[in-house]
Amino acid sequence: MGLGGRGVSTVTVSNQAQIELWQGRVGEKWAALQVRLDAMLAQATTALKERAGPVSGLRLLDIGCGAGETCTVWLTGGADVTGVDVSTPMLAVAKSRTGGEAALVEADAAIWRAETPFDLAVSQFGLMFFEDADAAFANIAANIRPGGRLLFSCWRPIPQNQWVTTPMSAIKDLLAPVAPSLPPATPRPGPFALADKGRLAAILDRAGFVDVKIAPFDFDVVLAMNGGVDEAVRMVMTIGPTGAALVEAGEAARAAAPERLKAALAPHERDGVVTLGGAIWLVDARRPG
């Protein structure tokens, strides 16, 4: 399967749960909200672009390229772009946006292997969803030429991300109590799977990367561009941890949530724009030459 490009295009059993989410309701939701999500994360996209520097003439692999926002950034910069993602709905949007200029491959980046390695592999929030992170990063390294570079962004711990903590605090008593349990030895695949800096550094080291730099970056997550608190409430009820929690909640919780969220988000509204703090790692590493 695929939308273009060459290489081994297949999926793993171990990543099947995440693949089904991104093929299904999550991928469809993100494809439909592409414009709003691009605006929501615009400052992070700019930071990744600036950290990448000139890309003209580079063979560039965009991992977890989604709806193609970052593909368009690299194409504008003059790179030869291949985008890899597991989501059919999002890749359809990416295909439309890039107009055939990027090779788009529907595949699991944990095992997909290109015929020729790339100069630069980049990812914006696309590397946190692997069941076996060690195996996935080793495969990514194999897709980068000796001396080539890996650059990506991922979320820092939840307590540092106000866009998660503020709405979740507003509704936590509406959600079913969770039985106490020991945290898993290895974080489950999901947005915050690479949040621990020490664990992240160890994964990159085991994959053979050198000159690793893991730098914090704080930015404004834009929950509403001009629709004020009402738009922001709709956004947090649709995507992210709050949206995911409310999918599992009962009807009574979902009915009560909007007013709770309005009260929590109102102090963060300015002239129709609602922002909350976001905290990510910008990660830069090199494959030995």
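The values are calculated or read from the model by the stated rules, or taken from the named source; none is laboratory data. Just so it is clear, the model here is predicted, and its values are computed rather than measured. Cβ sites come from the backbone with ideal geometry, for glycine too, and all protein chains shown count toward neighbours.
Residue-level check: of (1) within 16 Å of the chain's Cα centre (by Cα); (2) assigned to a loop (DSSP other than H, G, I, E, B); (3) acidic (Asp, Glu), Asp62 misses just (2).
When each of Ala44, Ala67 is tested for being within 19 Å of the chain's Cα centre (by Cα), outside any helix (DSSP H, G or I) and at pLDDT 95 or above, the lone residue that passes is Ala67. On inspection, Asp38 does not qualify as more than 30 Å from Leu276 (Cβ to Cβ), at pLDDT 95 or above and surrounded by fewer than 21 Cβ atoms within 10 Å (Cβ to Cβ). Of all the residues in region 90-108, those that are over 13 Å from Gly64 (Cα atoms), assigned to a helix (DSSP H, G or I) and not basic (Lys, Arg) number 4. Listed by position, the helices (runs of 4 or more DSSP H) contained in region 155-262 that have at least 3 residues being surrounded by 19 or more Cβ atoms within 10 Å (Cβ to Cβ) and modelled with pLDDT under 95 are 240-248. Going through (1) among the acidic types (Asp, Glu); (2) more than 28 Å from Ser123 (Cβ to Cβ); (3) in contact with a Lys or Arg (Cβ under 9 Å, 6 or more places away or on another chain) one by one, Glu251 falls short only on (3).
Condition check for Arg145 on (1) in a strand (DSSP E or B); (2) over 20 Å from Leu58 (Cβ atoms): one failure, at (2). Just one of (1) within 23 Å of Ala79 (Cα to Cα); (2) touching a Lys or Arg at 6+ places or on another chain (Cβ under 6 Å) fails for Asp134. It is (1).
Out of curiosity, is Ala285 in a helix (DSSP H, G or I) and at negative phi? Break it down into steps so the answer makes sense when it comes.
Values: in a helix (DSSP H, G or I): no; at negative phi: yes.
Considered against the rule, which asks whether it is in a helix (DSSP H, G or I) and at negative phi, Ala285 comes out as no.
Only a single criterion out of (1) β-branched (Val, Ile, Thr); (2) free of Cβ contacts under 8 Å to residues at least 24 places away in the same chain; (3) surrounded by fewer than 24 Cβ atoms within 10 Å (Cβ to Cβ) is not satisfied by Val93, namely (2). Going by the structure shown, is Ala136 surrounded by fewer than 24 Cβ atoms within 10 Å (Cβ to Cβ) and either under 23 Å from Arg286 (Cβ atoms) or not hydroxyl-bearing (Ser, Thr, Tyr) (or both)? Taking the combined requirement at face value, the residue does not satisfy it.
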